[in-house]
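This report refers to the structure that appears directly beneath it.
The values are calculated or read from the model by the stated rules, or taken from the named source; none is laboratory data. It should be emphasised that the depicted structure is a prediction, and the values quoted were computed from it without experimental measurement. In this analysis, Cβ positions are derived from the backbone assuming ideal geometry, glycine residues included, and neighbour counts consider all displayed protein chains.
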Amino acid sequence: MTTLLGMDTYSPTPGTALRALRNEAGMTLEEVAREAGVSATHLSRVETGAKQATPQWIGAVAEAIAKRLQGIRDLQSEKVPA
């Protein structure tokens, strides 16, 4: 059985959830890091579970990804049906 974002029913870590969202947004580690003002190396380590992150750090990264996802949704809603 799958859940949000097609992940299995296991409890995702913040890092695996961020990676899934980043992939859904089509963003690279470098793009997210630049937008969030964090290190791409640290982001990679959080995604793989090698490092922990503060709630504020996770929030900054999630916000950077959310902006891209919202932009994609806005573009999709502006498309005129053929």
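May I ask you to list the residues in segment 8-35 that are in contact (Cβ under 8 Å) with a residue 12 or more places away in the chain and in a loop (DSSP other than H, G, I, E, B)? 13, 26, 27, listed by residue number. Note on segment 30-43: among residues that are in contact with a Leu (Cβ under 7 Å, 6 or more places away or on another chain) and surrounded by 16 or more Cβ atoms within 10 Å (Cβ to Cβ), the one that is nearest to residue 70 (Cα to Cα) is 32. Applying the condition of being part of a helix (DSSP H, G or I) and over 10 Å from residue 18 (Cα atoms) to segment 49-58 and asking which residue is nearest to the chain's Cα centre (by Cα) yields 57.
All conditions in (1) surrounded by 10 or more Cβ atoms within 10 Å (Cβ to Cβ); (2) modelled with pLDDT of 95 or more hold for residue 20, with the sole exception of (2).
Residue pairs whose Cβ atoms lie under 9 Å apart, sitting 6 or more positions apart in sequence or on different chains, and linking a residue in segment 36-52 that is closer than 18 Å to residue 13 by Cα and modelled with pLDDT of 95 or more to a partner that is exposed (fewer than 12 other Cβ atoms within 10 Å of the Cβ) and among the aliphatic types (A, V, I, L, M), are 44/50.
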